[in-house]
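The values are calculated or read from the model by the stated rules, or taken from the named source; none is laboratory data. Small disclaimer: the values here were computed from a predicted structure and weren't measured. Using ideal geometry, Cβ is built from the backbone for each residue, glycine included, and neighbour counts are taken over all protein chains shown. Surface areas here come from the heavy atoms of the whole protein model, side chains and all, with no ligands, DNA or RNA. Shrake-Rupley method; radii C 1.70, N 1.55, O 1.52, S 1.80 Å.
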Amino acid sequence: KLEAVRAIKKLQRAFGYYVDRGLWGQASDLFTAKGTIEIGLDGVYVGKQRIHDYLEKLGGGQPGLIYGQLNEFVTLQPEIDIAPDGLSAKARWRDLGMLGQYHKWAAWRDGVYENSYVKEDGIWMIQSLHLYVNFQAPYKEGWARLKPGEGLKRSQASIDFPPDRPPSVVYKPFPAVFVPPFHAPNPVSGKPVETSK
């Protein structure tokens, strides 16, 4: 289990580093053949090529980053649970994004990942990556000035390049309170974590 946890941490961190630098092919290669990605309200993209094309369009529509582009995905607070058979796992992570384009715009992004992983032929891969975006706010004004519904919008990339499936969850971003569902029970009580009010 410890080796599996290490491998999954390495896998998720690789995704972050590759996306940070616009290495869309390297990032999409981390997924299973039928893997999925879902970011905020953009919907679900299925399969390595669709994931690659979506990430590239999100990143400006070219291999690599555009000159002056900031695309930092800081991934923190891993909580990883390995299935008893050692062949699958689920994990929750905190996402802090620093995004922008030199002399044009800058933004903070906050969210939570709830992801699943599988081990195929001895190698851990991403089966599904789901980022519940809490908000994306302009750097200068910050999140305190956001109006209800302003901090989460569908990206232009997903409008121009429609997803394979609609978003799997309907939720309201900050300042509304939404807690993405926990895949694991409370580690002390063993009871499911109730997230609804």
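Run the dipole for the chain about the Cα centre, Lys and Arg Cβ at +1, Asp and Glu Cβ at -1, nothing else charged, and hand back the magnitude in debye, nearest 20.
Roughly 380 debye for the chain.
Would you please give the FRET efficiency between TYR102 and LEU2, computed as 1/(1 + (r/R0)^6) with r the Cβ-Cβ distance and R0 = 41 Å, to the nearest 0.05?
0.45
Might you work out the accessible area of MET98 for me, using a 1.4 Å probe with all protein chains in place, and round it to the nearest 10 Å²?
70 Å²
Excluding ligands, DNA and RNA, what is the solvent-accessible area per residue of the chain at a probe of 1.4 Å, expressed in Å²?
That works out to 56 Å² per residue.
Based on alpha-carbon atoms only, what is the radius of gyration of the range 60-177 relative to the globular estimate 2.2 N^0.38 Å? Provide the component values of the computation, followed by the final result.
Working: Rg = 16.6 Å, N = 118, 2.2 N^0.38 = 13.5 Å.
For the range 60-177, the normalised Cα radius of gyration comes out at 1.23.
Can you figure out the FRET efficiency of ARG21 with GLN156, using R₀ = 22 Å and their beta-carbon distance, to the nearest 0.05?
0.55
Quick one: pull the percent of accessible area on the range 104-162 belonging to carbon and sulfur, 1.4 Å probe, ligands and nucleic acids left out.
53 percent
Counting only the heavy atoms of the protein chains, how much of TRP93 is accessible to a 1.4 Å probe, in Å² to the nearest 10?
The accessible area of TRP93 comes to roughly 10 Å².
With no solvent and one equal point scatterer placed on each C-alpha of the chain, evaluate the Debye formula and give log10 I(q)/I(0) for q = 0.14 Å⁻¹, two decimals.
Debye intensities relative to I(0), on a log10 scale: -0.83.
Can you give the net charge of the other residues whose Cβ lies under 13 Å from the Cβ of ILE123, counting K and R as +1 and D and E as -1?
After counting each charged neighbour, the total is -2.
Less than 9 Å Cβ to Cβ from PHE135, Lys/Arg counted +1 and Asp/Glu -1: what total charge do the surrounding residues give?
Charge balance in the 9 Å sphere: -1.
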